[in-house]
Amino acid sequence: MAKLTGLFERGGAYYLRVVLPLHHPLLDRYKSGKVVSSLGRCSHREAIRLGTIKRAEILWGESFHPKRIYISTDINRCQGATPDTAKPVLLRDVYDLWVQASRRTADSIAACNRAVKLFEQQTHNPPLNQVTRSLGNEFRSFLQTLPTTPKTARDRLNWIKSLLKYAAQDLELIPKSPWVGLDIKSKTTASRQVWSTDWLQKLLSHAIWQDGQLPKDKKAGGLAAYWIPLLALYTGARCSELCQLLVQDIDTTGHVPLLKITDQGEGQHVKTTASVRTIPIHSELIRLGFLEYASSLKSNSLWPDLPLRDGKPGSFFSQWFGSFRRSLDVPDTLVFHSFRHTVRSSLTRSNVPEPIIDRLLGHESQGSIGARVYTHPQIEQLTQAIETLETLNLPVIAKVGSGS
């Protein structure tokens with residue numbers, strides 16, 4: 001079911017809550033920084049449509065007032081609009097509404113925007129009601145002539161298909177998406193490798209994990225070089241997710257210590273909404289002193305010595321790790337992201353249910369019976385799953401546990 005940030009129901013009617021960005025002109029009027037608008041009594045689907053338009057109207061002013069949205073077809077004309085007073089809706093308008101309708105990652109917004117620019121370039125940007133299946137076939141052929149991989153071409157086609165689907169199902173601006181079924185075939189260019197026991201032993205036999213000798217390269221981030229690969233091995237989290245962690249993301253208030261992957265802190269981003277999750281901290285990390293390390297820090301960041309590049313967490317660290325593993329003659333097929341595949345493979349071998357694995361790794365569960373049963377797994381279930389990951393019996397090093 002489609003979602004809209006800020007939409008809620010009360011007393012049989014739907015309302016929309018919009019948080020105003022900094023320096024928005026309406027802040028003078030709404031001192032709380034929030035605007036709450038009634039959408040009336042309607043279906044959830046209609047509330048999504050009205051709320052999306054209302055959100056854009058509040059954030060951007062009258063340029064997106066619903067009476068100014070016009071589709072020149074007899075079966076899909078918005079009340080109050082005429083050909084002389086309203087402008088035709090373009091795919092760019094749908095993109096703008098899509099961006100504001102829900103929380104999106106910066107990477108998703110940028111990727112979709114690139115696809116829209118290519119669409120505008122190749123098709124000469126027709127009104128939405130003139131986007132035909134024939135036009136989609138031409139655009140598909142155009143994408144495959146560009147100097148990119150088939151996967152990139154397919155991704156760009158899918159972004160436009162998603163916007164057309166959004167225009168049809170959520171906004172009801174067109175009767176149906178005309179590009180359903182259009183596709184570009186692509187093959188995975190490289191198989192997903194996992195760290196074998198031998199390669200893990202070679203990696204972790206380095207002085208970083210045996211003696212606490214930290215690399216001098218600033219890109220390694222000091223103690224981040226010790227902890228981040230271990231966290232990846234015991235959580236399956238992405239490099240960017242681990243590098244952006246704050247001290248407050250380590251929760252020790254309950255009976256099970258937790259690591260929280262979130263986008264709530266300054267500079268934090270996640271890949272998808274499913275990426276926001278809570279992961280029990282493995283007992284091996286606790287034994288090695290991770291909780292003591294986190295509690296000893298005086299900074300907000302869990303990695304105060306780790307530099308960021310253009311505000312992107314993980315970029316410099318990923319560069320350092322790539323150089324480091326090559327210095328150990330680790331195969332190029334084993335990268336930092338391979339830790340994530342290693343965790344998934346290990347959990348699967350331990351017969352952990354697929355929905356639990358998806359929950360731990362931040363993947364969207366499919367609509368199977370198991371997914372519905374395990375939609376809201378308890379912390380105990382997640383802890384049992386995490387504890388199936390094999391311990392590595394590393395030595396306890398005092399200085400990595402104290403953060404000194």
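The values are calculated or read from the model by the stated rules, or taken from the named source; none is laboratory data. These figures come from a predicted structure and were not determined experimentally. For neighbour counting, all protein chains shown are included, and Cβ atoms are generated from backbone atoms with ideal geometry for every residue, glycine included.
Quick notes on this one:
- In segment 382-396, residue nearest to the chain's Cα centre (by Cα) [restricted to those that are surrounded by 15 or more Cβ atoms within 10 Å (Cβ to Cβ) and in a loop (DSSP other than H, G, I, E, B)]: Leu389
- Number of residues in segment 252-268 that are in contact with a helix residue (DSSP H, G or I) (Cβ under 9 Å, 6 or more places away or on another chain) and closer than 21 Å to Glu380 by Cβ equals 9.
- On inspection, Ala47 passes the criterion of being out of contact with any Ser or Thr (no Cβ under 9 Å at 6 or more places or on another chain) and hydrophobic (A, V, I, L, M, F, W, C).
- Only listed residue being out of contact with any helix residue (DSSP H, G or I) (no Cβ under 6 Å at 6 or more places or on another chain), within 21 Å of Thr342 (Cβ to Cβ) and of a type in the set (Lys, Arg), chosen from Lys271, Lys298: Lys271
- Pair list, Cβ under 6 Å, 6 or more apart: segment 152-174 residue assigned by TED's automatic domain parsing to the domain that holds Lys117 and under 18 Å from Ile109 (Cβ atoms), other residue of a type in the set (Gly, Ala, Ser) and buried (at least 18 other Cβ atoms within 10 Å of the Cβ): Arg156/Ala115; Trp159/Ala115; Ile160/Ala115; Leu164/Ser177; Lys165/Ser177
- Enumerated helices (runs of 4 or more DSSP H) restricted to segment 311-364, each holding at least 2 residues that are surrounded by fewer than 19 Cβ atoms within 10 Å (Cβ to Cβ) and not charged (D, E, K, R): 315-327, 338-349
- Residue identified as touching a strand residue (DSSP E or B) at 6+ places or on another chain (Cβ under 9 Å), within 30 Å of Ser102 (Cβ to Cβ) and assigned by TED's automatic domain parsing to the domain that holds Thr391 among Leu258, Leu347, Leu291: Leu258
- Every residue from segment 6-61 that is touching a Leu at 6+ places or on another chain (Cβ under 9 Å) and among the β-branched types (Val, Ile, Thr): Val18, Val35, Val36, Ile48, Thr52, Ile53, Ile58
- Total residues in segment 84-107, condition free of Cβ contacts under 8 Å to residues at least 40 places away in the same chain and closer than 30 Å to Glu266 by Cβ: 2
- If you go through segment 257-288 and keep only what is assigned to a loop (DSSP other than H, G, I, E, B) and at pLDDT 95 or above, you end up with Pro257, Ile281, His282.
- Residue list for segment 289-310, restricted to those being under 22 Å from Leu394 (Cβ atoms) and outside any helix (DSSP H, G or I): Gly289, Leu297, Leu302, Trp303, Asp305, Leu306
- Qualifying residue in segment 225-238 (condition: out of contact with any strand residue (DSSP E or B) (no Cβ under 6 Å at 6 or more places or on another chain), within 28 Å of Ile109 (Cα to Cα) and part of a strand (DSSP E or B)): no
- Residue under evaluation Val270, criteria (1) surrounded by 14 or more Cβ atoms within 10 Å (Cβ to Cβ); (2) closer than 22 Å to Ile397 by Cα, criterion not met: (2)
- The set of residues in segment 243-256 being out of contact with any Pro (no Cβ under 7 Å at 6 or more places or on another chain), in a loop (DSSP other than H, G, I, E, B) and either loosely packed, with under 14 Cβ neighbours inside 10 Å or among the polar types (S, T, N, Q) (or both) consists of Thr252, Thr253, Gly254, His255.
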